[in-house]
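These notes concern the structure reproduced below.
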Amino acid sequence: SFIKRMKMYRLRAEMAIEDLRESHRLGWSPEPVSDGIAHADARASGLGFRVIADVGSAAGWVADAGAYGGARIAHAIAELGPDFAVDTTFPHDIGMDLLNGVDFKKGCFIGQEVVSRMQHRGTARRRPVLVSGIEAAATGAVTLGERELGALGAVLDGQSVAVLRLDRIADPAAVTVAGKPVTLALPSWASYSFGESVPAD
């Protein structure tokens, strides 16, 4: 699906887009590595390094999704699949405007008009929030009284990234998951706050 979309949106650049899943591996490391291509994750400080290597160099890698998952959840970084669905989420909803994920000086891109309007009008209502104190079996909605704020993402060690409606959170201490109280925290990179309302059009 990703490759199809990239080929569809390729404009004038001369480039080849290939599926290399058979010959290469993508991994994560908390520290720099010498093998393969490694780059620091620029979304937030302390997120470690993403690594691409051929299958031979990756032969000794350890399959530990929890290591990367714990790092990204601790920084309230939402991930496609575990935390939000494709084609139903705006970049602002997952903080891409604050995490080096959107270039507002770039010429044009698919969906630019909506993204630019949200940026300049300040109309982003939903934002990533770190939810902790989640009981092991809890899934589903994050609520405040009878109002649903959003859905939990993947839960690891009682923590999750949830994309929540900020304007509905007047009292963060009163938020629950499956009827049990949880703790909300904003990520260190956030410029938004609980109870924030968007300006009227």
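The values are calculated or read from the model by the stated rules, or taken from the named source; none is laboratory data. On a predicted model such as this, the values are computed, not experimentally measured, just so you know. Cβ sites come from the backbone with ideal geometry, for glycine too, and all protein chains shown count toward neighbours. What goes into the accessible areas is simple: the full protein's heavy atoms, side chains included, and nothing from ligands, DNA or RNA. Shrake-Rupley method; radii C 1.70, N 1.55, O 1.52, S 1.80 Å.
The single condition from (1) outside any loop (DSSP other than H, G, I, E, B); (2) open to solvent by less than 30 Å² (accessible area, probe 1.4 Å); (3) closer than 23 Å to residue 86 by Cβ that residue 184 fails is (3). Selection of region 92-115 for residues being over 20 Å from residue 78 (Cα atoms) and of a type in the set (S, T, N, Q) yields only 112. If the condition is being within 20 Å of the chain's Cα centre (by Cα) and without any contact (Cβ under 8 Å) to a residue 24 or more places away in the chain, then region 22-37 contributes only 29. List pairs: first residue in region 58-82 and part of a loop (DSSP other than H, G, I, E, B), second residue open to solvent by 30 Å² or more (accessible area, probe 1.4 Å) anywhere in the structure, Cβ distance under 6 angstrom, at least six positions apart or on different chains. Close Cβ pairs (under 6 Å, with a partner that is open to solvent by 30 Å² or more (accessible area, probe 1.4 Å)) amount to 58/25; 77/43; 78/84; 82/154.
Every residue, every condition in (1) touching a Phe, Trp or Tyr at 6+ places or on another chain (Cβ under 9 Å); (2) assigned to a loop (DSSP other than H, G, I, E, B), yes or no:
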{"residue": "93", "(1), (2)": "yes, no"}
{"residue": "100", "(1), (2)": "no, yes"}
{"residue": "103", "(1), (2)": "yes, yes"}
{"residue": "106", "(1), (2)": "no, yes"}
{"residue": "110", "(1), (2)": "yes, yes"}
{"residue": "118", "(1), (2)": "yes, no"}
{"residue": "150", "(1), (2)": "no, no"}
{"residue": "173", "(1), (2)": "no, no"}
{"residue": "193", "(1), (2)": "no, yes"}
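Tell me whether region 36-54 contains one or more residues that are assigned to a strand (DSSP E or B), open to solvent by 50 Å² or more (accessible area, probe 1.4 Å) and of a type in the set (D, E, K, R). Yes, that holds for at least one residue.
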